[in-house]
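Below is one structure; the comments refer to it alone.
Nothing in this text is a laboratory measurement; each read-out follows from the coordinates by a stated rule. The structure displayed is predicted, hence computed values, not measured ones. We place every Cβ from the backbone using ideal geometry, glycine too, and count neighbours over all the protein chains shown.
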Amino acid sequence: MSEICNLQDNKKRCPCTYEPCDKKGKCCECLRYHLSRKELPACCFPKDVEKTYDRSFKKFIEVYSKELF
């Protein structure tokens with residue numbers, strides 16, 4: 001089965017600020033990589049939090065639990 005990836009569109013929308021990243025625009029690879037490290041990708045975080053490079057589940061819960069409660 002061939003994979004369909006809108007690489008150029010994905011790159012334009014990718015909020016990742018880690019410049020040497022070779023996974024920009026390759027969402028499936030990015031997600032696979034971060035989940036293997038028990039992290040979430042940049043697109044799951046607000047811009048100010050993404051810049052800290054803390055992509056942990058703990059940080060995700062901390063950020064979004066404030067919005068929920």
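Results, tabulated for the structure shown:
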| item | result |
| --- | --- |
| Considering residues of the range 16-69 that are of a type in the set (A, V, I, L, M) and within 27 Å of ILE4 (Cα to Cα) only, the residue farthest from the chain's Cα centre (by Cα) | LEU35 |
| Long-range neighbours under 9 Å by Cβ, at least six apart or interchain, first residue at positive phi within the range 6-32, second loosely packed, with under 14 Cβ neighbours inside 10 Å and outside any helix (DSSP H, G or I) | GLY25/CYS5; GLY25/ASN6 |
| Any chance LYS47 is over 21 Å from ILE61 (Cβ atoms) and either among the basic types (Lys, Arg) or touching a residue at least 60 places away in the same chain (Cβ under 8 Å) (or both) | no |
| Count - residues of the range 42-56 that are at negative phi, in a loop (DSSP other than H, G, I, E, B) and surrounded by 11 or more Cβ atoms within 10 Å (Cβ to Cβ) | 5 |
| Answer residue from the range 4-41, given it is of a type in the set (A, V, I, L, M, F, W, C) and in a loop (DSSP other than H, G, I, E, B) and is surrounded by the fewest Cβ atoms within 10 Å (Cβ to Cβ) among those | ILE4 |
